[in-house]
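Novice: Here's a structure for you.
The values are calculated or read from the model by the stated rules, or taken from the named source; none is laboratory data. All of these numbers come straight from a predicted model, not from anything done at the bench. Here Cβ is always computed from backbone atoms with ideal geometry, including for glycine, and neighbour counts include all displayed protein chains. Please note that ligands, DNA and RNA were not included when accessible areas were found on the heavy atoms of the full protein model with its side chains. Shrake-Rupley method; radii C 1.70, N 1.55, O 1.52, S 1.80 Å.
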Amino acid sequence: MGSKNQNKPPFQHNTALTTTSTITPSSLKKKYIADVVSEDKGQRLGFEKMVGTANNGRLRLAFSLVNGSQDLDLSSAPASNAGSECGGIEFTREDVEALVNEKMKYKNKFNYKERCENMMEYIKRLRLCIKWFQELEGEYAFEQEKLRNALELTERRCSEMEVALNNKEEELNLIILELRKSLASLQDKLAKEESEKKAAVDSLTKEKEARTSIERSQASLSEELEKVQGELDGANQRIASINDMYKLLQEYNSSLQLYNSKLQTDLDTAHETIKRGEKERSAIVENLHTLRGQHKSLQDQLMSSIASQDEVMKQKDALLNEVACLRMELHQTREDREHYQQQVQSLAAEVSKYKELATNSSELEEKCLSQGNQIQILHDQLAVAERKLQMSDMSIFETRNEFEGQKKLIEELQNRLEDAEFKLIEGEKLRKKLHNTILELKGNIRVFCRVRPQLPDDSSSNQAKVFSYPTSMEYLGRGIDMTQNAQKHSFTFDKVFMPDASQEEVFVEISQLVQSALDGYKVCIFAYGQTGSGKTYTMMGKPGQPDEKGLIPRSLEQIFQTKQALQPQGWRYEMQVSMLEIYNETIRDLLSTNKDASRIENGVAGKQYTIKHDANGNTQVSDLTIVDVQSSREVKYLLDRAAHSRSVGKTQMNEQSSRSHFVFTMRITGVNESTEQEVQGVLNLIDLAGSERLSKSGSTGDRLKETQAINKSLSSLADVIFALAKKEDHVPFRNSKLTYLLQPCLGGDSKTLMFVNISPEPSSAGESLCSLRFAARVNACEIGTPRRQLNMRTSESRLSYG
């Protein structure tokens, strides 16, 4: 009984549940069936409601195309009930009617125990039948949902066919009008020919001439046919040559790809040389610091030696003065000695007379000996002082020589440091040039992936890690691996930022792209991801914390700093700013003085804004407020004003969830007064609202409407990306306000970068996998080569600019 009766219509049990006035076993059974059915009615109704939103217990995703799911097969049968409580038992209409109309047969009418056992067995069979009906009803509801989806797909295709038929009908109407005009002209010609025929009847000779002219025209037509045949052969030859040219172009395209890979390797080598230069520069700076310390210490030693030399010179002068004094004393002493000797000689002659003077002469001799000893000691001290003076002179000479050598070494290191800085600047210029060359050759939308770090409110991190990062040279910093249900998914992007990456590191990677806006390019950077994955933090940062500023404030600071730096080269810039949000498929002006200009009050819509694209790919929004700015402080004030006006709500997934798409636009016009060049650039910075599942966000009321509008616009964005990836002729940009506003960025000549933000929580693994798959599709889209908006300024524009 596996699937024999699966395609039969569900039994209409309500028609079989009728009651009679008499109480019989049959009526009791029917009444019991009605009671059981009424008890299970709420469950069936709940199941029918759930079928509208679930398939086999899995919630329908908002982006079925993003998840890579296929269209439902119209010929697919209902799901098997082999795993249900009924096992493999199925019932036909005859089985059910026999079960309902079955009459109890009892051997003894008054044996109530036997009757209760039979009745319980019969009730079990009835419950089994009812459960089978409920499962069959659920299966058919599931099949009905599949058919409804197929019907929606068919209706969508029919609408597209109707649009095509309408276009064809307009073309046919134009053809009919042309045919009617040609018919009128032919009728006029026919009237003329009839008059000519009437005249030709009168003259047989004219008829013969007409016949000969017809024969001649036939001959000319045959000649023209031969010429057309020859032209056809020539066209075939040209088609063959065009095919050959197409092959040559394919070969040229492959050679360009090889050249692109070569440029990528050159860029990697340039990065390595820059890194080596930075390491050498850091080492040189460290050596310079050490040499400066040594130089300072040597200078201190030199100053101390000079001070000691001055002290020694002072001591030398003092010693010389002292020696002179001692010499004078010695001379005086010698004179006294000679005088005393004369006195001694005179006294010796008179010694006999003056014996009492003998003692005095002996004392004088002792005094002379002591003075002689003192003079000898002073001579020794003078010699020692002269030796110290010579040694200090030699040490000063050696210190001066060492100081000159250190000075030459410092000069040499400074020259090497200047050379390293020059090489670093040249390498940076080469990197910028290679960066722009690669972007122009690639022509694809660049994709950066950023993983949000774990937050205190997240679930415990004891679970296995969802993301890992390859460490090989080929995928280092560009690859990310995701594990879900023991299955590994690998993705490669232009850059992957791990959770510990700072705002400064992220901005360094896009700084050259922001610089392109000042060079005259159209630049678009937008953040995509689920709710709570860190998009607004990446774009705006945390208010009041300068180290955690987002990409928008940092980009504005760089633009105004570069504007000041380019003024000496003759560049003058004018900048205009506008900010809007798309809320529930309605455009709101965030800089408007009338706060409720675009809001809906009492069922009446406010101001309506329309999006227009001109032939040059420039986008204008009617009646949108545009403000001229001169500094980053003015733009910061406008950003704060727009942040207070933006729609923000609370959901179960995010305390401060953005409920709208935020679009920041800066138009830049630059003129070089010396070269007469004029550039026009546009910088679009977009913070998209996050996709979310209703089961997780718990949105109700207004939050539910906002979620549905957000998911619808992001689904339209996915349709546009898939159409671009498949290079389809028709790209549905007009399906939503968001995609129509981004049309020049996704399908024009601009430089476009997408940030895909993902959450590291295991509970968000499904949404993260969908976001990564969508980002891979975006990275494969080719949107054309970026074109610089550069013109030469005329005399009229020079006058008007001043």
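Novice: How many nm is it between the label spots at ASN108 and ARG787, if each spot is 7 Å from the Cα in line with the beta carbon?
Specialist: Inter-label distance under the simple model: 10.2 nm.
Novice: Which entries in the list LYS131/LYS705; LYS146/LYS712; LYS262/LYS423 go over 26 Å, if you measure between the two C-alpha atoms of each?
Specialist: LYS131/LYS705
Novice: Still on this structure, I have one more. State the percentage of accessible surface on the stretch 547-592 attributable to carbon and sulfur atoms; use a 1.4 Å probe and exclude ligands, DNA and RNA.
Specialist: 40 percent
Novice: Taking a probe of 1.4 Å, how large is the accessible area per residue of the stretch 454-570, in Å²?
Specialist: Ligands and nucleic acids excluded, the figure is 50 Å² per residue.
Novice: Next up: What's the Cα-based Rg to Rh of the stretch 446-579, Rh via Kirkwood?
Specialist: Reported Rg/Rh, Kirkwood definition of Rh: 1.04.
Novice: Tally up the carbon and sulfur contribution to the accessible surface of the stretch 187-259 as a whole percent, 1.4 Å probe, everything protein left in place.
Specialist: On the stretch 187-259, the fraction of accessible area on carbon and sulfur atoms equals 56 percent.
Novice: Per 5 Å bin, what is the whole-percent P(r) computed from every C-alpha pair distance within the stretch 525-598?
Specialist: 3, 12, 14, 17, 19, 17, 10, 5, 2, 0
Novice: Label-point separation (nm) for MET119 and LEU179, each offset 7 Å from Cα along Cα-to-Cβ?
Specialist: So the label points at MET119 and LEU179 sit 8.1 nm apart.
Novice: Probe of 1.4 angstrom, ligands and nucleic acids ignored: what's the accessible area per residue over the stretch 250-299, in square angstrom? Walk me through the numbers before you get to the answer.
Specialist: Numbers: 3650 Å² over 50 residues.
Each residue of the stretch 250-299 exposes 73 Å² on average to a 1.4 Å probe.
Novice: Okay, next question. In nm, give the distance between the simple-model label positions of ASN594 and LYS296, each being 7 Å from the Cα along the Cα-to-Cβ direction.
Specialist: 6.6 nm
Novice: Mind putting together the pair-distance distribution for the stretch 202-321? All Cα pairs, 10 Å bins, whole percent per bin, short to long.
Specialist: Spelled out bin by bin, the stretch 202-321 gives 10, 11, 10, 9, 9, 8, 8, 7, 6, 6, 5, 4, 3, 2, 2, 1, 0 percent.
Novice: Assuming 0.36 nm per residue, please report the length gained on full extension of the stretch CYS368 to ARG148 beyond their Cα-Cα distance.
Specialist: Details: separation 220, 0.36 × 220 = 79.20 nm, distance 14.00 nm.
Gain on extension, CYS368 to ARG148, equals 65.2 nm.
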